[in-house]
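Student: I have a structure here, written as structure tokens, and I will follow up with some questions on it.
The values are calculated or read from the model by the stated rules, or taken from the named source; none is laboratory data. Predicted model only: the values in this text are computed from it and were never measured. Glycine also receives a Cβ, built like all others from the backbone with ideal geometry; neighbour counts cover every protein chain displayed.
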Amino acid sequence: MNSTTLSSNVINVIKDVGLYIYPNLVEKEAVEKLKEQTLNILSDRGDTDYKFGTSVNMGGLNEQHGFIREFFDTNHFNGMAQQYGKGEQRAVMATHDYRNDKGTERNGFLHFDRTHTFKFFLYLTDCDESSGAFRYVPGSRELGETLRTQATIDVGGDYKTISNRLEVDYLDLNYTAADAKPLEGKAGTIFAFDTDTFHMGGVIEDGKERVVIRSHYV
């Protein structure tokens, strides 16, 4: 993976579709090591107020260690982000989704991110619709950019008040969760993602779980 470069064709896919799915899964042994370390961190310092289970902001890439640092801090990922115009590695985040009885978290609404971010998103468990697979609206990135830019101007850049939920703040556009396509995949599925694309987390059915880790660039 490290020798791969982000070609203009792949950039065009992300600009057009909103994300690029790597054709090959991350090796099973690497996934298991990353999953073990991620779950340990979630157990030690995860936020249990997260309505879908447990979440954690691990800090910047330079604060990571072990398998997480080894996997994400590579010329490939850093170079891809730079080619996309996002050179600052802001954070590594993870969630363990395993409950559906506390209401809907913000990421459970169809939305675009309030801060434009380029992310590498890795499934550490098998993810299908029943286990909350990531959902996105192909081709929505450009509209998301327009909406985010205007919403940011409207509130003078106040992050917490930027309107970004399609079914709450933009009812006139008639987008619903039904427009979002599930990205189902085995553990080891990884994709590069532009957060102006309309997206959301799926609903976890009883007895199912989803563990994911993300590296964020701004």
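Student: Residue check: is residue 151 closer than 30 Å to residue 131 by Cβ and in contact (Cβ under 8 Å) with a residue 12 or more places away in the chain?
Tutor: Criteria not met by residue 151.
Student: Residues that are more than 26 Å from residue 217 (Cα to Cα) and at pLDDT 95 or above: does the range 139-153 have at least one?
Tutor: no
Student: Filter the range 168-218 for residues that are within 19 Å of residue 96 (Cβ to Cβ), of a type in the set (A, V, I, L, M), in a strand (DSSP E or B) and under 15 Å from the mean Cα position of the chain (by Cα) and give the result.
Tutor: Hits for the range 168-218 are 190, 200, 211, 212, 213.
Student: Could you grab me the full set of residues in the range 11-22 that are surrounded by 13 or more Cβ atoms within 10 Å (Cβ to Cβ) and without any contact (Cβ under 8 Å) to a residue 12 or more places away in the chain?
Tutor: Once the filter is applied, which keeps residues that are surrounded by 13 or more Cβ atoms within 10 Å (Cβ to Cβ) and without any contact (Cβ under 8 Å) to a residue 12 or more places away in the chain, the range 11-22 yields only 13.
Student: Return yes when residue 71 is of a type in the set (Phe, Trp, Tyr) and over 30 Å from residue 179 (Cα atoms) and no when it is not.
Tutor: Criteria met by residue 71.
Student: In the range 154-167, how many are touching a residue at least 40 places away in the same chain (Cβ under 8 Å), outside any helix (DSSP H, G or I) and not charged (D, E, K, R)?
Tutor: So the answer is 2.
Student: Check off (1) out of contact with any strand residue (DSSP E or B) (no Cβ under 6 Å at 6 or more places or on another chain); (2) hydrophobic (A, V, I, L, M, F, W, C); (3) crowded, with 16+ Cβ neighbours inside 10 Å; (4) over 24 Å from residue 89 (Cβ atoms) for residue 183 and give me the number that stays unchecked.
Tutor: Evaluating residue 183 over (1) out of contact with any strand residue (DSSP E or B) (no Cβ under 6 Å at 6 or more places or on another chain); (2) hydrophobic (A, V, I, L, M, F, W, C); (3) crowded, with 16+ Cβ neighbours inside 10 Å; (4) over 24 Å from residue 89 (Cβ atoms) leaves (4) as the failure.
Student: Using beta carbons and a limit of 7 Å, which pairs, at least six apart or on different chains, have the first residue in the range 28-48 and touching a residue at least 12 places away in the same chain (Cβ under 8 Å) and the second one assigned to a loop (DSSP other than H, G, I, E, B) and of a type outside the set (Gly, Ala, Ser)?
Tutor: Close Cβ pairs satisfying both conditions: 31/124; 34/124; 35/124; 38/124; 41/58.
Student: Among the residues of the range 84-95, is there at least one that is of a type in the set (Gly, Ala, Ser), over 29 Å from residue 10 (Cβ atoms) and in contact with a strand residue (DSSP E or B) (Cβ under 7 Å, 6 or more places away or on another chain)?
Tutor: Checked the range 84-95: no residue is of a type in the set (Gly, Ala, Ser), over 29 Å from residue 10 (Cβ atoms) and in contact with a strand residue (DSSP E or B) (Cβ under 7 Å, 6 or more places away or on another chain).
Student: Listed residues 190, 204; which is in contact with a Ser or Thr (Cβ under 8 Å, 6 or more places away or on another chain) and either hydrophobic (A, V, I, L, M, F, W, C) or buried (at least 16 other Cβ atoms within 10 Å of the Cβ) (or both)?
Tutor: That would be 204, the only listed residue that is in contact with a Ser or Thr (Cβ under 8 Å, 6 or more places away or on another chain) and either hydrophobic (A, V, I, L, M, F, W, C) or buried (at least 16 other Cβ atoms within 10 Å of the Cβ) (or both).
Student: Also: Could you give me the residue pairs with C-beta distances under 7 Å whose first residue belongs to the range 192-218 and is basic (Lys, Arg), whose second residue is assigned to a loop (DSSP other than H, G, I, E, B) and surrounded by fewer than 24 Cβ atoms within 10 Å (Cβ to Cβ) wherever it lies, and which are 6+ apart or on separate chains?
Tutor: Close Cβ pairs (under 7 Å, with a partner that is assigned to a loop (DSSP other than H, G, I, E, B) and surrounded by fewer than 24 Cβ atoms within 10 Å (Cβ to Cβ)) amount to 208/130; 210/125.
Student: When the range 94-129 is examined, which residues are found to be among the acidic types (Asp, Glu) and within 15 Å of residue 207 (Cα to Cα)?
Tutor: Scanning the range 94-129 gives 97, 101, 126, 128, 129.
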